[in-house]
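> This is the structure I want to talk about, given as structure tokens.
The values are calculated or read from the model by the stated rules, or taken from the named source; none is laboratory data. The structure displayed is predicted, hence computed values, not measured ones. Reconstructed Cβ throughout: ideal geometry from the backbone, glycine too, with neighbour counts over all protein chains shown.
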């Protein structure tokens, strides 16, 4: 089986289709924003949005007053689309990080973070090696007692997205993957409606990073 070139795949996706027609596009990232706000962190808390694509969450966080935001994606085209959506006066509040979560050499330069936010990235990593790289990076760049918000397709959700096979999760398999350094604080299932009108079942989780406890 040929190894997937994820960078090429996502560059093509964001070249060939308007971002607001992509299957994961949200007009408002309501579940994620509610979890972030529930933490009651200061507005200058460092928040990294991994695999952010052209998500509206960056604009939403700015509207809520957050000023220290990182936007990461493997696709330079996705980040360019996102940057073009921002008001000029707000661009200084966001750092754009083109980086591969399974072979990262950039994100660590901007760490440590108070919040790691991942909506719909982890489930694309199917090999054990990629999953280990993801968790290793997560531990490397989070502050102790910081938080990870991870949303993936639920075990009862879709088998594929954007033509790629997925690894689906529930709260138990996510806990098993992250390990004992992470405490599950909250989880809930969420039915997301795609721009096409189809529904997809996600699980949203909130973990706290508690190393050496």
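> Identify all residues within the stretch 161-213 that are assigned to a loop (DSSP other than H, G, I, E, B), more than 17 Å from the chain's Cα centre (by Cα) and at pLDDT 95 or above; write none if there are none.
Scanning the stretch 161-213 gives 179, 180, 181, 210, 211.
> Any residue in the stretch 146-165 that's over 20 Å from residue 52 (Cβ atoms): show its pairings with residues that are modelled with pLDDT under 95 and loosely packed, with under 14 Cβ neighbours inside 10 Å at Cβ separation under 6 Å, as long as the two are six or more apart or on different chains.
none
> Go through the stretch 60-74 and count every residue that is in contact with a helix residue (DSSP H, G or I) (Cβ under 8 Å, 6 or more places away or on another chain), surrounded by fewer than 18 Cβ atoms within 10 Å (Cβ to Cβ) and in a helix (DSSP H, G or I).
The qualifying residues number 0.
> What's the total number of residues in the stretch 19-33 that are modelled with pLDDT of 80 or more, exposed (fewer than 14 other Cβ atoms within 10 Å of the Cβ) and either touching a helix residue (DSSP H, G or I) at 6+ places or on another chain (Cβ under 6 Å) or over 24 Å from residue 150 (Cβ atoms) (or both)?
Going through the stretch 19-33 one residue at a time, the tally reaches 0.
> Out of the stretch 1-16, which residues are assigned to a loop (DSSP other than H, G, I, E, B) and either surrounded by 12 or more Cβ atoms within 10 Å (Cβ to Cβ) or touching a helix residue (DSSP H, G or I) at 6+ places or on another chain (Cβ under 7 Å) (or both)?
Residue satisfying the conditions is 4 alone.
> Quick one: in the stretch 34-53, of everything that is closer than 19 Å to residue 152 by Cα and not in a strand (DSSP E or B), which residue is modelled with the lowest pLDDT?
Ranking the candidates gives 53 first.
> Considering only the stretch 98-113, how many residues are in a strand (DSSP E or B) and surrounded by fewer than 19 Cβ atoms within 10 Å (Cβ to Cβ)?
Selection size over the stretch 98-113: 1.
> I'd like to check something: does the stretch 75-95 contain any residue that is outside any loop (DSSP other than H, G, I, E, B), touching a residue at least 40 places away in the same chain (Cβ under 8 Å) and within 18 Å of residue 148 (Cα to Cα)?
No, there is no match, as no residue in the stretch 75-95 is outside any loop (DSSP other than H, G, I, E, B), touching a residue at least 40 places away in the same chain (Cβ under 8 Å) and within 18 Å of residue 148 (Cα to Cα).
> Output yes when any residue across the stretch 167-177 is closer than 17 Å to residue 49 by Cα, in contact with a helix residue (DSSP H, G or I) (Cβ under 8 Å, 6 or more places away or on another chain) and buried (at least 20 other Cβ atoms within 10 Å of the Cβ), and no when none is.
No, every residue in the stretch 167-177 fails to be closer than 17 Å to residue 49 by Cα, in contact with a helix residue (DSSP H, G or I) (Cβ under 8 Å, 6 or more places away or on another chain) and buried (at least 20 other Cβ atoms within 10 Å of the Cβ).
> Only residues that are over 19 Å from residue 72 (Cα atoms) and in contact (Cβ under 8 Å) with a residue 12 or more places away in the chain: list them for the stretch 39-54, please.
Hits for the stretch 39-54 are 39, 41, 43.
> Filter the stretch 114-138 down to residues that are in contact (Cβ under 8 Å) with a residue 40 or more places away in the chain and not in a loop (DSSP other than H, G, I, E, B), then give me how many there are.
12
> Can you tell me which residue among 151, 158, 146 is in a loop (DSSP other than H, G, I, E, B) and crowded, with 17+ Cβ neighbours inside 10 Å?
158
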